[in-house]
Amino acid sequence: MGIVAAIGVLLPFPFYWWLWTNPQSWVNLCGQGKDPSTVMARVSHVLKAAQLLSLFSVASLSWPPPLYFWPLMAFGQFLNFRVYQLLGEAGTYYGVRFGKNIPWVTEFPFGVIRDPQYVGSVMSLLACLSWVPFQYIFLWCLGYVFMMLVESKEDPSARAKPIS
């Protein structure tokens, strides 16, 4: 396993863990007038690009993809899109941890699929198994499982207080 590619795949998860467990530190670091969810989204997009570049560095692309690619990628991306559509940026990027009031959502896929964004992401990764060696997909999926466990233990008293 290429150590640089493995590190690239795992790169975002310590950041997400730190934000989830230390939301006040992030709010303070962002400072007054900066939306911590927006800043998190921007950093997350850079980290996502590093993850994708890491996967591409070990991938063997070929066309056409196997038949299982299409339903896994399509439904996985549908779930990701739907979660973002329902929660918006603040709901997707830890707004509740940063002291924002995020309404509880029960529309599909919530209430039907537990952790739908992570499930969608895992489905999209599994779709790429014919191109990317298993160990990298597995590492990335382990990162998502880790974050599902971290985020399942949400302590409301540990939420950040907005800077006034």
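The C-alpha atoms of the chain define a longest principal axis, and helix 69-92 lies at about 10 degrees to it.
Three semi-axes describe the equivalent ellipsoid of the range 76-154; taken as square roots of 5 times the Cα gyration tensor eigenvalues and ordered largest first, they are 25, 15, 10 Å. The stretch between Ala50 and Val145, if pulled fully straight at 0.36 nm per residue, gains 32.2 nm over its current Cα-Cα span. The residues of the chain expose on average 56 square angstrom of accessible surface per residue, using a 1.4 Å probe on protein heavy atoms.
Taken about its Cα centre, the chain carries a charge dipole of about 240 debye when Lys and Arg each add +1 at the Cβ and Asp and Glu each add -1 at the Cβ. A straight chain from Leu61 to Tyr84 at 0.36 nm per residue would run longer than the Cα-Cα distance by 5.4 nm.
The residue list Val132, Asn80, Ser60 was ranked by how far each Cα lies along the charge dipole of the chain toward its positive end, using unit charges on Cβ atoms, and Asn80 comes out on top. Each semi-axis of the equivalent ellipsoid for the range 1-91 is √(5λ) with λ an eigenvalue of the Cα gyration tensor; in descending order they amount to 30, 19, 10 Å. Only lysine pairs 8 or more places apart or on separate chains count here, and in the chain those with Cα atoms under 23 Å apart total 6. Between the Cα long axis of helix 116-127 and the first principal axis of the chain there is an angle of about 20°, rounded to the nearest 10.
Percent of C-alpha pairs per 5 Å bin in the range 1-158, short distances first: 2, 9, 16, 21, 20, 16, 10, 5, 2, 1, 0.
For the range 45-123, chymotrypsin sites (Phe, Trp or Tyr not before Pro) are listed when DSSP marks them as loop and at most 15 other Cβ atoms sit within 10 Å of their Cβ; the list is Tyr68, Trp104. Full extension of the chain between Leu11 and Asn101 gives 29.5 nm of extra length, using 0.36 nm per residue less the Cα-Cα distance. As a fraction of the 1.4 Å probe accessible area of the chain, surface on carbon and sulfur atoms comes out at 69 percent. To the nearest 10 degrees, how steeply does helix 12-21 sit against the main Cα axis of the chain, on a 0 to 90 scale? Roughly 20 degrees between the two axes.
Taken along the Cα-to-beta-carbon direction at a fixed 7 Å, the label points for Arg114 and Ala158 span 1.9 nm.
The values are calculated or read from the model by the stated rules, or taken from the named source; none is laboratory data. What you are looking at is a predicted structure, and each value in this text was computed from that prediction instead of being measured. Backbone-built Cβ (ideal geometry, glycine too); neighbour counts: all protein chains shown. Surface accessibility is based on the protein's heavy atoms, side chains included, excluding ligands, DNA and RNA. Shrake-Rupley method; radii C 1.70, N 1.55, O 1.52, S 1.80 Å.
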